[in-house]
Amino acid sequence: MSQGELKKLVIKAYKDEKFKDEVGDGEYTTMVNPEKYAVAYKPLYNKKDQAQGTSGWQAKFAKIAPQDLDLELLFDSTGAIDGKPDLKDGIISQIEKFKKVVFEYDGEKHKPHYLMVKWGALLFKGSLVDLSIEYKLFAPDGTPIRAVAKLKLKGSIDDDLRVARENNQSPDLTHYRIVKAGDTLPLMTYRIYGDSKYYLEVAKANNIAQFRKLTPGQEIFFPPLKKFA
């Protein structure tokens, strides 16, 4: 690809959180690239025990929350963009195709599809949180011919990617991990601390009565190693 070549923003729909099972006809290419997009980052904190003689809580970093993506997309059939006005159908078919990708309900998952947004340096994987469409211009019979769609997506990061990105394995830091099939508490404890002997303390910190029966998808909190000292 030559530098400066025009590339359109693409939104692809997937059935699974690993973004491997694509939805049939689940791809939408924008007519016009956005003027801007916003990615929000939010650190999460736990309240640390109040020190003697102090009047407030000390916030302690826990983890980075999934990112948020805010995006605005333009739909237009006035002919101002491509020189081909369509006042009969307007943007109705464009909007329907767009909604089928980003908003269609997955009856098996009981939720909208997972979405991947690709454009230039932007590669965002997540789920739709909010969608609003503002209709801004109409043909004489009331058919909408211009609109702006505003999307908010919540990022989705699998545990392996989160670990790789943070590159953060210190046993003196707080860790959160999602249980996967085949995981055991001693094994997960070994991965964090380099020693499985602390698994009972981890079970106690998470109020886990039956540590031999972990549930895939369950989130487990691993306190700093020094807390066990």
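Do you know which of the residues in the range 138-186 that are among the small types (Gly, Ala, Ser) and either surrounded by fewer than 16 Cβ atoms within 10 Å (Cβ to Cβ) or within 17 Å of residue 222 (Cβ to Cβ) (or both) is modelled with the highest pLDDT?
142
Take the conditions among the small types (Gly, Ala, Ser) and closer than 25 Å to residue 17 by Cβ and apply them to residue 194. Does it pass?
The answer is no for residue 194.
From 31, 1, which residue is outside the structural domain of residue 129 (by TED's automatic domain parsing), in a loop (DSSP other than H, G, I, E, B) and either over 22 Å from the mean Cα position of the chain (by Cα) or modelled with pLDDT under 80 (or both)?
Details: 31 fails: outside the structural domain of residue 129 (by TED's automatic domain parsing).
Selected residue: 1, the only one of 31, 1 that is outside the structural domain of residue 129 (by TED's automatic domain parsing), in a loop (DSSP other than H, G, I, E, B) and either over 22 Å from the mean Cα position of the chain (by Cα) or modelled with pLDDT under 80 (or both).
Tell me, which residue of the range 113-124 that is modelled with pLDDT of 90 or more and under 16 Å from residue 20 (Cβ atoms) is surrounded by the fewest Cβ atoms within 10 Å (Cβ to Cβ)?
The selected residue is 118.
The values are calculated or read from the model by the stated rules, or taken from the named source; none is laboratory data. Not measured: the values here are computed from a predicted model. Ideal geometry is used to build each Cβ from the backbone, glycine not excepted, and the neighbour counts take in all protein chains shown.
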